[in-house]
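Shown next, in structure tokens, is the structure this report addresses.
The values are calculated or read from the model by the stated rules, or taken from the named source; none is laboratory data. Every value quoted in this text rests on a predicted model; they were computed, and no experiment measured them. Cβ sites come from the backbone with ideal geometry, for glycine too, and all protein chains shown count toward neighbours. All accessible areas refer to the heavy atoms of the entire protein, side chains included, with ligands and DNA or RNA removed. Shrake-Rupley method; radii C 1.70, N 1.55, O 1.52, S 1.80 Å.
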Amino acid sequence: MTEIIKIDRYNIDKDKIQYAAGLINRGSVVAFPTETVYGLGANALDSKAVRDIFTAKGRPQDNPLIVHLSDIKDIYDLILDIPDYLGLLADVFWPGPLTIIFRRSKLIPDEITAGLDTVAIRIPSHPVALELIRSSRVPLAAPSANSSGKPSPTLASHVYEDLKGRIPLIIDSGPCDVGLESTVLDLTSGRPVILRPGKITSDDLSPYIGDVTNLSSSDNYSTPRSPGLKYKHYSPDAPMIIVEGDPEKTAEKILALCSQSLEQGKRPGILATNQTYDFYTNTNIPTICLGNRNSPSEIAAVLFDSFRKMNTYGVDIIYAEGLPPDGIGFSVMNRLRRAANNNIIILK
Ligand code: TXA
Ligand code: MG
């Protein structure tokens, strides 16, 4: 049985938090909201509880987990080789959607790091996440609370859909603000590298730590640097094709591709934007409007929900518009490209 309890982030019910923290302290896994996506948390210092996270998600054992803290003071026992600029980075970006990779101390169980000598750590900014970590009085290991291979959950109902019957409790605090997983920044290899782009971009980071490379800009998904990157992720069930170019031409091309699919007896779906939605007039084609193409944070917040909706519509192929890669738009395009397995049509 999976219980769902609602906790209002603006008026946190401490008894409900205590109840969830009690489960964590007894070795259970609990799904909880963060500002990025919902997480599946357990006591990071309890190997058995950490193993249960992998089982609940069906996650490959070689994909390490992020450790979530509520306060920077708790980090120093967990990591080695503390970078000089950690204090500055933490002042600016924590609590928030930034995960940093450090060399790990012996306190971190092997189960968390999948045998690597590094550990990923973040302090989330969601008030319910912070309160849960504080009340548990332990660091929380937490991957995204989806079943492995599905898009990350941005609503409690997504978690329920994937993990019902597999976990005892889901804390529902409504939709996640950011909608994409945290930026993963590796500080262990000399120069800073972003292994997974998120809301916090290389431009946001470089004033504090100098040049920051985006691993994803080389589109090298098979790199062993971040084990999670080699797995297919974020995907709707149907294959996806991205069409990039001027919005009006993009819409024309997508309409032509939809006609082709229909002729082949396939059921297409469209991921559109405010700017193009009116072009798609065929009411038989499921069409989701992601929002304003010039407001990427709006699109980030609904992207994974739109993937899941396409699954419920039972489409055979999805056509998505390419979006301006500015700010978090870069990370939106990273997730879209990965969902599309790099299947992109670029219009001249
Ligand atoms: O926003 C987020 O980061 C969410 C919320 C719940 O905090 N968590 C999340 O966790 O997305 P997960 O497990 O779904 O993704 C963690 C990513 C994976 O790609 C994993 O391979 C990478 O971080 N990672 C974890 N530890 C690592 C390490 N020591 N070295 C390199 N990559 C690591
Ligand atoms: Mg994940």
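Descriptive notes on the structure:
- Filtered by the rule that a residue be open to solvent by less than 20 Å² (accessible area, probe 1.4 Å), in a loop (DSSP other than H, G, I, E, B) and over 13 Å from Ala142 (Cβ atoms), the range 1-34 gives Thr2, Ile7, Gly27.
- Among the residues making up the range 69-84, those that are under 19 Å from Leu130 (Cα atoms) and either buried (at least 19 other Cβ atoms within 10 Å of the Cβ) or at pLDDT below 95 (or both) are Leu69, Ser70, Ile75, Leu78.
- Odd one out for Pro175 among (1) assigned to a loop (DSSP other than H, G, I, E, B); (2) within 12 Å of ligand 1 (Cβ to nearest atom): (2)
- Leu140, sole failed condition from (1) surrounded by fewer than 23 Cβ atoms within 10 Å (Cβ to Cβ); (2) touching a His at 6+ places or on another chain (Cβ under 6 Å): (1)
- When the range 110-127 is filtered for residues that are surrounded by fewer than 20 Cβ atoms within 10 Å (Cβ to Cβ) and more than 9 Å from ligand 1 (Cβ to nearest atom), the ones remaining, listed by number, are Asp110, Gly115, Ser125, Pro127.
- Number of residues in the range 159-171 that are open to solvent by 20 Å² or more (accessible area, probe 1.4 Å) and more than 15 Å from ligand 1 (Cβ to nearest atom) equals 6.
- Residues in the range 35-84 that are within 22 Å of Tyr160 (Cβ to Cβ), touching a Phe, Trp or Tyr at 6+ places or on another chain (Cβ under 9 Å) and either more than 15 Å from ligand 2 (Cβ to nearest atom) or of a type in the set (Val, Ile, Thr) (or both): Val37 alone.
- Test result for Pro64, under 14 Å from His126 (Cβ atoms) and at pLDDT 95 or above: no
- Some residue of the range 219-235 being modelled with pLDDT of 95 or more, under 30 Å from Phe279 (Cβ atoms) and either open to solvent by less than 60 Å² (accessible area, probe 1.4 Å) or of a type in the set (S, T, N, Q) (or both): no
- The set of residues from the range 53-68 being surrounded by 16 or more Cβ atoms within 10 Å (Cβ to Cβ) and polar (S, T, N, Q) comprises just one member, Asn63.
- Test result for Leu262, over 30 Å from Val67 (Cβ atoms), at pLDDT 95 or above and either open to solvent by less than 60 Å² (accessible area, probe 1.4 Å) or hydrophobic (A, V, I, L, M, F, W, C) (or both): yes
- Scanning the range 143-158 for residues that are open to solvent by 10 Å² or more (accessible area, probe 1.4 Å) and more than 13 Å from the chain's Cα centre (by Cα) yields a total of 1.
- Scan of the range 142-168 for residues that are under 23 Å from Arg335 (Cα atoms), in contact with an Asp or Glu (Cβ under 9 Å, 6 or more places away or on another chain) and of a type outside the set (Ser, Thr, Tyr), ordered by number: Ala145, Asn146, Lys150, Pro151, Pro153, Leu155, Ala156, His158, Val159
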